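A short worksheet on the structure shown next.
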Amino acid sequence: MYSLLHTHIERRIHLSQKERALLDQCFTPKKIRKHKFLLQEGDVCRHIAFVNSGCLRAYTVDHRGEEHIIQFAIEDWWISDLNSFLTGSAATYNIDAVQDSEVLLLERASRKTLLESVPKMERFFRLLQEANYVSSHQRINDSLSASAEERYLAFIKTYPLLVEQIPQSQIASYLGITPQSLSRIRKELSHKR
C-alpha cells in the first residue's frame, strides 16, 4: 500500500526504517470510485492526496456550468486544493475520480506531526512545491502563448496513458478548447504521421 509513496519520497530524500514507519502512520488509505468526490468547492480541504492508482482531476465550474480542468493527478502524483488546505479557507476546486482510484491522505495535523518528527520531510515538501510552482507557471505560459496543437502535444507527453483512457471532453477542458477543436487537431496530427 505504501511502497509507491516510499519510492516517490526516496527519489528526493532518504528515510530510515523508523521514519518510514512513522510516515505510514501519518497517511490514511482511501478508495474513491469513479465520479465520486474527494473534495467539493466550498468545503475546506482537510488533506493532501498522493495517488497510489487511478486518476483524479481538480476543476472549477464557471457561471455557465462549464468545467475547467486545472490538473489531472495520475499514479505517483499529488493533488489537493493547497490554498484551502494551508489556510482553512473554502476550496475553490472540486476534486473527483476520473477512474476508480486509491489515494493516501495526509491530514493537516498528521502533516505537522510528520514535519516535526522527521525534519527532512520539510525538504521533501519544499522540493515538491518548487516542482509544482515550475509546472504551474509552465502551464500558464503555455495557455497564453502555445497553440492548441502544441498544448495537446504537451498533454500527450505529460499524460501518455490518459489520452485513450479519459473522455475527449475532459482533455479539451484541460487544454481550454472545445471537443470539436480537439477532434480536428487529433485528425490533423494523424495525417501528419
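Among the residues of the range 44-58, those identified as over 19 Å from GLU164 (Cβ atoms) and crowded, with 19+ Cβ neighbours inside 10 Å are CYS45, HIS47, ILE48, ALA49, PHE50, ASN52, ALA58.
Quickly run through the range 88-97 and pick out the residues that are under 21 Å from GLY176 (Cβ atoms) and surrounded by fewer than 15 Cβ atoms within 10 Å (Cβ to Cβ).
Residues of the range 88-97 under 21 Å from GLY176 (Cβ atoms): 92-96.
The answer is THR92, and nothing else.
Sort out which residues of the range 165-193 are in a loop (DSSP other than H, G, I, E, B) and under 29 Å from ILE95 (Cα atoms), and write them in order of number.
Step one: list which residues in the range 165-193 are in a loop (DSSP other than H, G, I, E, B), which gives 165-167, 176-178, 193.
If the condition is that a residue be in a loop (DSSP other than H, G, I, E, B) and under 29 Å from ILE95 (Cα atoms), then GLN165, ILE166, PRO167, GLY176, ILE177, THR178 are the ones that fit.
Reported count of residues in the range 6-40, each being under 17 Å from GLU122 (Cβ atoms) and aliphatic (A, V, I, L, M), is 5.
Filtering the range 110-125 down to residues that are of a type in the set (Lys, Arg) and in contact (Cβ under 8 Å) with a residue 12 or more places away in the chain, which residue is nearest to ILE79 (Cα to Cα)?
The first filter runs over the range 110-125 and keeps only residues of a type in the set (Lys, Arg), leaving 111-112, 120, 123.
Checking the rest, the ones that are also in contact (Cβ under 8 Å) with a residue 12 or more places away in the chain come to 111, 120, 123.
Values: ARG111: 15, LYS120: 21, ARG123: 19 Å.
Across the range 110-125, the extreme among qualifying residues is ARG111.
Go through the range 138-152 residue by residue and tally those that are free of Cβ contacts under 8 Å to residues at least 12 places away in the same chain and over 15 Å from the mean Cα position of the chain (by Cα). Let's see the steps before the verdict.
Of the residues in the range 138-152, the ones free of Cβ contacts under 8 Å to residues at least 12 places away in the same chain are 138-141, 144-147, 150.
Filter once more, so that each one left must be over 15 Å from the mean Cα position of the chain (by Cα): 138, 140-141, 144-147, 150.
The number of residues fulfilling the criteria is 8.
Checked against the criterion of being out of contact with any Gly (no Cβ under 9 Å at 6 or more places or on another chain), crowded, with 19+ Cβ neighbours inside 10 Å, at pLDDT 95 or above and aromatic (Phe, Trp, Tyr), the candidates PHE37, PHE85 yield just one match: PHE85. A Cβ distance below 9 Å, combined with a sequence gap of six or more or placement on separate chains, defines the contacts here; from the range 174-193, residues that are closer than 13 Å to ILE156 by Cα and free of Cβ contacts under 8 Å to residues at least 40 places away in the same chain reach residues that are among the aromatic types (Phe, Trp, Tyr) and in a helix (DSSP H, G or I) in the pairs LEU175/TYR152; LEU175/PHE155; LEU182/TYR152; ILE185/TYR152; ARG186/TYR152. Here MET1 passes the criteria (1) under 28 Å from ASP142 (Cα atoms); (2) modelled with pLDDT under 95 except the one numbered (1).
Candidates are the residues of the range 40-76 that are of a type in the set (Lys, Arg) and either at pLDDT below 95 or more than 9 Å from the chain's Cα centre (by Cα) (or both); the one that is farthest from ARG12 (Cα to Cα) is ARG64. Taking the condition of being surrounded by fewer than 16 Cβ atoms within 10 Å (Cβ to Cβ), modelled with pLDDT of 90 or more, small (Gly, Ala, Ser) and in a helix (DSSP H, G or I), how many residues in the range 137-164 meet it? Counting residues in the range 137-164 that are surrounded by fewer than 16 Cβ atoms within 10 Å (Cβ to Cβ), modelled with pLDDT of 90 or more, small (Gly, Ala, Ser) and in a helix (DSSP H, G or I) gives 2. Among the residues making up the range 7-46, those that are of a type outside the set (D, E, K, R), in contact with a Leu (Cβ under 7 Å, 6 or more places away or on another chain) and over 18 Å from SER117 (Cβ atoms) are PRO29, ILE32, LEU38, CYS45.
The values are calculated or read from the model by the stated rules, or taken from the named source; none is laboratory data. For clarity, every value in this text was computed on a predicted model and none was experimentally measured. Virtual Cβ from ideal backbone geometry, glycine too; neighbours counted across all protein chains shown.
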